Amino acid sequence: MARLAMLIDLTRCIGCDACTVACKQENGTPVDVFFARVLNIEAGKYPHTKRVYLPMLCYHCENPPCLKACPNKAIFKRQDGVVLIDQDRCRGTGACVSSCPYGNIILQEKDAWYLNEDEPYERDFVKPRLQPNVARKCTYCVQRVDEGLDPACVVACPTHARIFGDLDDPTSEISTYIEQEKVQTKRYPFPLLPQAGTKPAGCYLGTMASQDSATLGGRAAPERAEPLPTRGSRSGGKLATVLALLGIGLASLVSSVQAQDHEGEMHAYESSMCASCHGPLGRATPALRSFLWPSTSGSSHSSFERARARCLRLRNPTSPTKTWN
């Protein structure tokens with residue numbers, strides 16, 4: 001019996017979001033609906049900090065809490081381990097959304113599209129594969145898998161960070177990759193939130209702090225070709241500095257005027273939810289936020305909280321900033 005799973009090598013992920021785009025194209029998901037998302041995490045302490053990318057999707061757990069929580073028995077697990085939601089049986093109660101510790105199930109009353117001016121015949125080309133007002137999530141692209149193809153996100157990944165296959169087949173790509181890494185790099189797959197007891201089929205390789213461009217054979221940070229000028233050598237460039245500052249000020253003024261002229265064009269963006277807060281990053285559950293952004297003082301001071309606070313201030317400067325509980 002097959003046991004389908006996805007392994008994500010964190011040392012290969014470069015945060016390009018090709019998986020996110022491929023998923024949206026394959027499933028026709030509207031604004032703020034992401035079955036595949038990539039969290040952008042700040043690791044380390046200044047000045048030794050780095051950006052780490054954590055791709056997330058439904059993990060098709062062996063012990064899925066969403067299946068037990070659904071009052072309408074709309075969630076079921078196939079023999080190959082893929083967890084699906086029956087779109088006809090789902091009544092949109094949201095019990096599965098609350099039960100998922102990873103925040104990987106989406107429920108929206110109404111879909112918001114990117115371009116409201118689309119004609120009806122144009123919508124036929126971007127018709128969502130799953131229905132609105134019912135629970136939706138990653139399906140491992142079963143419509144492709146059943147035809148012998150890999151999920152869209154796996155095919156789109158340019159660095160081959162996603163490996164998909166049958167864990168019960170020792171000759172499958174995912175099984176051979178896991179055994180190869182155990183021997184060569186001493187790395188073992190690990191799940192997110194193991195304390196949740198969900199036994200997810202989707203796991204990761206490589207600690208989140210090990211992200212390094214050298215793992216892909218790419219260039220490291222460029223070295224400075226020339227030494228910085230001394231204080232004395234910089235004194236002769238004061239006039240150039242003043243002129244540069246004046247130029248920056250003038251450019252800022254022009255940009256402000258242009259922004260006011262295009263206020264109507266910005267309305268469509270402002271009327272939709274910020275993707276960074278309500279989309280790929282904002283759906284992180286409290287348990288997942290605590291796992292990814294541990295707080296030593298008990299207060300929220302993560303990069304996510306700071307970004308969210310700035311977002312709320314920009315969207316509504318007159319209202320007090322709210323934080324996650």
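Observations
- Potential lengthening of the chain between Gln195 and Thr49 amounts to 49.8 nm, from the contour at 0.36 nm per residue minus the alpha-carbon distance.
- Residues Asp17, Asp9, sorted so that the one with the fewest Cβ neighbours within 10 Å comes first: Asp17, Asp9
- Each label was represented as a point 7 Å from its Cα along the Cα-to-Cβ direction; for Gln184 and Ala2 these points are 2.6 nm apart.
- Separation in nanometres of the label points that stand 7 Å from Cα toward Cβ, at Ala112 and Arg91: 2.9
- Packing here is the average count of other Cβ atoms within 10 Å per residue, and on that basis the peptides 192-204, 133-145, 83-95, highest first, run 133-145, 192-204, 83-95.
- Extension gain (nm, one decimal) between Asn63 and Arg78, 0.36 nm per residue minus Cα-Cα: 4.1 nm
- Taking the number of Cβ atoms within 10 Å of each Cβ as an exposure proxy, the fewest-first ranking of His48, His60 is His48, His60.
- With N as its number of residues, the stretch 11-115 has a Cα radius of gyration that, divided by 2.2 N^0.38 Å, comes to 1.27.
- Out-of-range pairs (alpha-carbon distance over 31 Å; input Lys68/Lys110; Lys50/Lys199; Lys68/Lys182): Lys68/Lys182
Laboratory data are not the source of any read-out in this text; all were calculated from the coordinates shown. Small disclaimer: the values here were computed from a predicted structure and weren't measured. Here Cβ is always computed from backbone atoms with ideal geometry, including for glycine, and neighbour counts include all displayed protein chains.
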